[in-house]
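The values are calculated or read from the model by the stated rules, or taken from the named source; none is laboratory data. If you're wondering where the values come from, they're calculated on a predicted model, not measured in any experiment. Backbone-built Cβ (ideal geometry, glycine too); neighbour counts: all protein chains shown.
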Amino acid sequence: MEAGPRREDIAAAGAGLTAARARWIGASHRLEYAKVRAPIAGRVLKKFRNAGDFVSPDTPHLEGYETVAVGSPVVSLADLGRQQVSVDVNQTDIARIALHQRVEVSSQAYPEDVWVGSVTQISPRADKNKNTIEVKVTLEAAARVLPYDMSVKLDFLGQAPASGSSAVRIPAAALVEKEGRHVVFVVADSRASERPVEVGARQDEMVALTKGLVEGDRVIVSGLDQLKDGSPIRLK
C-alpha cells in the first residue's frame, strides 16, 4: 500500500483508458452518421421514411423498392428561395418566347397578388404527342410562397434583351426591395447612391439587371441594412 501501484498496473490502466477513448470516438462517429442534415433550407414536400426505420449499410439502394439502404431518399425537399413555374407552350407560339423574357404570374387562389419572373429554361425537345414545348419560369422573391403543383396563369411580356445586350449581372445579395421596387446602392463620390433597377433572370447567386446600371458602376454588396441614399461610405 505504501509503495503504491506497480508500473505494470499503471500501464495496464492507461491502456484501458486509451481503449475506452477509442470506443467513445467510434460511438461518436456512428452517432454522427445517424443525424440527417438538409443541404439547403426549404420545405419538405414528401416524407419517404419514418422514425425507427432500419438502414442496411450492405444493401444497395434501388429506386422503386422499399428497401432502406445507404443513399435511400429520406424526404423530398424544395428550395423556397427560387420557385419555378412550368408551362407547355404550343409549338406555333414558341418563337415568341425568349430566355430572360419577363413574365407575370397570377393565381385564382390569390387574385390580389401578381408575381414577376423571367424565362430561365426552354426545353430543347418537343412533346410530339401534345405538340408543345416545356418552358420554365423562375419567380423573383415574393411575400407569399405558392403551394407546389398549384395551377397559375402566365402572361408573357415583351421580349427580353438578347444575349450580348446591355444587361449587367450583379450578386443577388446586392438587391434591396423597397415598396415593391428593386434598388441597388452604387458608389458615387464616397457616398452611397440609391439606384432603381429592373431585374431580369436569376442564376445561382447572380441576377441580371436589364435597366438601371451600366458597365463600370461599383455596386455595394454588404451592410445594406444600414445604408440610405447619400450615406457616407469608406472603401476597403
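Cβ separations smaller than 8 Å between residues 6+ apart or across chains give the following pairs from segment 194-210 residues that are under 13 Å from ALA174 (Cβ atoms) to residues that are aliphatic (A, V, I, L, M) and at pLDDT below 75: VAL207/ALA201; ALA208/ALA167; ALA208/ALA201; LEU209/ALA167. Within segment 207-222, being hydrophobic (A, V, I, L, M, F, W, C) and in contact with a Gly (Cβ under 8 Å, 6 or more places away or on another chain) holds for VAL207, ALA208, LEU209.
Of all positions in segment 204-217, none carries a residue that is assigned to a loop (DSSP other than H, G, I, E, B), at pLDDT 85 or above and among the aliphatic types (A, V, I, L, M).
Within segment 87-111, count every residue that is in a loop (DSSP other than H, G, I, E, B) and surrounded by 15 or more Cβ atoms within 10 Å (Cβ to Cβ). Number of matching residues: 6. Scan segment 59-82 and give yes if some residue there is touching a Leu at 6+ places or on another chain (Cβ under 9 Å), within 30 Å of GLU140 (Cα to Cα) and modelled with pLDDT under 75, otherwise no. So far as segment 59-82 goes, yes, one or more of its residues are touching a Leu at 6+ places or on another chain (Cβ under 9 Å), within 30 Å of GLU140 (Cα to Cα) and modelled with pLDDT under 75.
Of the residues making up segment 1-53, just one is surrounded by 10 or more Cβ atoms within 10 Å (Cβ to Cβ), among the small types (Gly, Ala, Ser), outside any strand (DSSP E or B) and under 29 Å from the mean Cα position of the chain (by Cα), namely ALA38.
Each residue in segment 176-191 was checked for being over 14 Å from LEU213 (Cβ atoms) and within 29 Å of the chain's Cα centre (by Cα), and 5 pass. Looking at segment 112-126, can you tell me whether even one residue there is buried (at least 19 other Cβ atoms within 10 Å of the Cβ), outside any strand (DSSP E or B) and of a type outside the set (A, V, I, L, M)? No, segment 112-126 contains no residue that is buried (at least 19 other Cβ atoms within 10 Å of the Cβ), outside any strand (DSSP E or B) and of a type outside the set (A, V, I, L, M). Being under 17 Å from VAL116 (Cα atoms) and charged (D, E, K, R): is that true of GLU205 here? Considered against the rule, which asks whether it is under 17 Å from VAL116 (Cα atoms) and charged (D, E, K, R), GLU205 comes out as no. Scanning segment 17-43 for residues that are β-branched (Val, Ile, Thr) and at pLDDT 85 or above yields THR18, ILE25.
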